[in-house]
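A short worksheet on the structure shown next.
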């Protein structure tokens, strides 16, 4: 029913077009329905594309202008996989968002909130799908501005959300500017902006110094957007103070797209310049990833606010993904993509649970205030536990699969000391999870007693929790898609 | 029942029990009957599987392919057949006993307790019958996590701290050392299947072998080798039925069993003998055997004393596996059975004394023997088995490991084992002598529920029976070490 040739553009268009409609609608329920429908259509399109993908690169020329002159959208193993993750998680968090947005956002802003929500999703999908280096910058800005709006909506609960939004605006703009400067250098040398065309032309360029500068600018800019240590500082506050529904969507999908762009830059655009890529991967990305893993884990252990704790842990988890990418071979990049999928599920679920707790307790949730909540909200809390166990990589959950493939990739490239650091930090992550477990389950139930839990909140949460188990038991499909993605971006080639 | 069906029944009967218990919790009798009934199913299944294995078959079931080269496969090895029988058989008695204990002590959260208990047995059965090292690891972790709520059952400050130590050491070592070890093997050998004669010969550089042995020896935290033994005494804060089945049998024996499986089916005894990669481990095990016996003497708390005795006994099995001799490895497998039945007897008795007389110190037992004679006679038999006195089962395994030490060219280990026996005599018979040879104590009110007395008596008798049934056990152990 869907013409496969149109899929690259459909996944972007569904949310973007509906955003305009939502902004004008005064009815919050209809806005929510439209948002759900459009993200659902996006998921259908992305999933159809991924299922039907035969390894062949599907190109869509926007406006009928053939690449490299026109802007090109590309559906290949990598973009379809990430797009499906983004679509899936944004669909499910849109369903989940209804009750939370009604509780946390002013009535007259709800329609506009959904509009910003869809713009963010559409922008992220655009980042993933585009085959044009400059067009990517445009989508980067679309999603950034929408995200800033969404974060600032948290200002009703906590004024600090405004500072967080402002920080994100400034730091994000710096990142995007760095990226576009880098693109400028490449354009100056090659005269093209199309990624595939750049890949062909870059190795022939005689001027290597501008290319190194351009490459470094692009990577540095994207590292900021992907929240890789040490340029992650915008993330904990942004996720921590945003409205709960927004935190969920951002944590699940936002940084994933930027990490994917990192792989695109390193392995697709600069595919022909192995020495330069190796330099950046080995001496910049790899050490930063390892540091991210450690710093994120330790900050999470010391954090007392639940949402910020989860955000700090995201820093570490992003480190796991970029660590896989920094190995540069198929196995490592595959491990990275596997974790992109799994971490979206893990963190999406955990932020959903945190949102549910925040709404019920009607205040910021600190670890101490979680005392006995496992008994007061057993349905939400047990799903949260499943996602938490997946986070630390308990076997039979998705997190375990990520860990196995990452360690496998590290062992095969004989990076012994890094394995030591990775497994050690993985063991350390048990500490922060266990602070939550002890508070939730090892304390008597609060005096207020059992809480009536909202099915519209816990059903999506449970769906995610069960997918965490499903992907832990039957990981073959995810692995094959991830491997296909790694080959599509051109890792190891 | 075909052995393949029996595998599924044996592994999933406990899980079915766990799933049913919450729905039966409205009726305490029904809920508490679920455990023994499920245990009976598991045990019968384990016997059917064992019978098939004895005839040389190795029945296997693949549930699902997790990922390429990573199958969730259960394949029963001779060692696994034995361990499966031990875990499920003792579960029957332990579930009866725990009903008596939990009710006698009026413990809270009995439903959660029963659920986690059943999940733990499920994990133990899955470990016993795992077909490759990754499946074993998966259920090794499940076992750790499902026993956490049991260790912290009391939810006191002390219990929560013990829980931290428990999770910290067991999960920490398994993630930091065991998992990289397994993945190293996977990469070197291209497979993780348990294979007679091992899979690493000619594939692993002998110079790396001692390091890999170290990853396993310290990664398998459940075997409580010093210096990573601290979790076991800490876990004694759990209710006694947990200590009895899990920390004398299922959890610690899962550790010992894993050790044995790795040494026999992954490294291969010949490979270890040729490279000498595990000799250092034999010495560390010998040190643990003696050091923890000495610590046990200093403990007045009965359960703490038994915990250190368990640490010492577990290292017998580590020693047996590290000696790289067939007869020693066989002794290690036999010791899993012998020590399980003896140590569960001792814990059952300790629990019975606690429920019946509310005493938990060795020094309080003076003159208690005539008041609860069956309990102390059972304790006496269990102690004798651990010391290694015929006609009790423990004598065989000790003899086999001693023979193995000479076979492996380490005769000094015979002395270590002999000294350990002497220390056992001192700290395990002291409670019995105090109970029977001191003036009768009539001050204490004694009221022991029948369900806490019967199980230790039965397990004590099993220890006697095992002495005469050694041929059955060795027929399995010989199959295990066959090249």
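Taken together, the values in this text are just the output of simple stated rules run on the coordinates, not laboratory data. Everything numeric here is computed off the predicted structure, so don't read it as measured data. All Cβ positions, even for glycine, are placed from backbone atoms using ideal geometry, and neighbour counts span all protein chains on display.
Hey, could you grab the Kirkwood Rh for the range A:286-493? Inverse mean 1/r over distinct alpha carbon pairs, Å, one decimal.
Its Kirkwood hydrodynamic radius stands at 17.3 Å.
Working from the alpha-carbon coordinates of the range B:350-422, get Rg over Rh, Rh being the Kirkwood radius.
1.16
Over the Cα atoms of the protein assembly as shown, what is the Rg over Rh ratio if Rh follows Kirkwood?
1.02
Can you tell me the Rg and Dmax of the range B:84-135, counting just the alpha carbons, in angstroms?
13.3, 42
Helix B:3-24 against the longest principal axis of chain B: what's the angle in degrees, Cα atoms only, rounded to the nearest 10?
The answer is roughly 40 degrees.
Determine, for B:231, A:462, A:69, A:117, the number of other Cβ atoms within 10 Å of each Cβ, and report the residues in order from fewest to most.
A:69, A:462, B:231, A:117
Highest mean first, what order results for B:253-259, B:318-324 on Cβ atoms within 10 Å?
Ranked by mean Cβ neighbours within 10 Å, highest first: B:318-324, B:253-259.
Convex hull over the Cα atoms of the range B:3-481, averaged projected area in nm²?
20.0 nm²
Does the range A:237-307 classify as rounded, prolate or oblate by the C-alpha gyration tensor (a ≥ b ≥ c root eigenvalues; a/c under 1.5 gives rounded; else a/b over b/c gives prolate, otherwise oblate)?
In terms of gyration-tensor shape, oblate.
Quick one: angle between helix A:77-104 and the longest Cα principal axis of chain A, in degrees between 0 and 90, rounded to 10, please.
Once rounded, one gets 30 degrees.
Using the Kirkwood radius built from alpha carbon pairs, what does the Stokes-Einstein equation give as D for the range B:117-251 at 25 °C and 0.890 mPa s, in µm² per second?
Estimated diffusion coefficient is 157 µm²/s.
Hey, got the Cα dimensions of chain A along the principal axes, in Å, largest first?
73, 55, 42
So what are the range B:233-275's ellipsoid semi-axes, whole angstrom, largest first, if each one is the square root of 5 times an eigenvalue of the alpha-carbon gyration tensor?
Over the Cα atoms of the range B:233-275, the semi-axes work out to 32, 9, 5 Å.
When all alpha-carbon pairs of the range B:427-468 are counted, what percent fall beyond 15 Å?
66 percent
By how many degrees, 0 to 90 and rounded to 10, does the Cα axis of helix A:28-52 deviate from the longest principal axis of chain A?
With rounding to tens, the tilt is 50 degrees.
Roughly how many nanometres apart are two label points built 7 Å out from the Cα toward the Cβ at residue A:109 and residue B:374?
Roughly 7.2 nm, to one decimal.
Strictly greater than 21 Å: what percent of every Cα pair in the range B:171-264 meets that?
37 percent
Ranked highest first by average number of other Cβ atoms within 10 Å, how do A:439-451, A:181-193, B:169-181 line up?
Descending packing order for the listed peptides: B:169-181, A:181-193, A:439-451.
Largest first and in whole Å, what are the equivalent-ellipsoid semi-axes of the range A:343-413 based on the Cα gyration tensor, each being the root of 5 times an eigenvalue?
Computed over the range A:343-413, the values are 30, 11, 10 Å.
Which whole number gives the average count of other chain Cβ atoms within 10 Å of the Cβ atoms across peptide B:180-193?
3
Average partner chain C-beta neighbours within 10 Å, per residue of A:420-427?
4
For Cα pairs less than 8 Å apart in space and 6+ apart in sequence, what is the mean separation divided by the residue count of the range A:108-253, i.e. the relative contact order in percent?
For the range A:108-253, the relative contact order is 26 percent.
Given the convex hull of the Cα atoms of the range A:18-77, what is a quarter of its surface area in nm²?
About 5.4 nm², averaged over all directions.
Compare the peptides B:433-443, A:100-110, A:237-247 by average per-residue count of other Cβ atoms within 10 angstrom and give them in order, highest first.
Top to bottom by mean Cβ count within 10 Å: A:237-247, A:100-110, B:433-443.
Taking one equal scatterer on every alpha-carbon of the range B:49-199, how large is log10 of I(q)/I(0) by Debye at q = 0.09, 0.10, 0.11, 0.17 1/Å?
Cα-only, vacuum Debye calculation for the range B:49-199: -0.36, -0.45, -0.53, -1.07.
Any idea what % of Cα-Cα pairs in the range A:277-316 are farther than 16 Å?
That fraction is 41 percent.
How well do other chains shield peptide B:64-73, expressed as the mean number of their Cβ atoms within 10 Å of each residue Cβ?
Average per residue, whole number: 5.
What length, rounded to one decimal in nm, is gained on full extension from residue A:233 through to residue A:298, with 0.36 nm per residue of separation minus their alpha-carbon distance?
Separation in residues times 0.36 nm, less the Cα-Cα distance, equals 21.9 nm.
Given the rule -39500 (n - 2.57) for each run of at least 4 DSSP H residues, summed and divided by the residues of the protein assembly as shown, what is its mean residue ellipticity at 222 nm, to the nearest 500 deg cm²/dmol?
Theoretical 222 nm ellipticity from helices: -24000 deg cm²/dmol.
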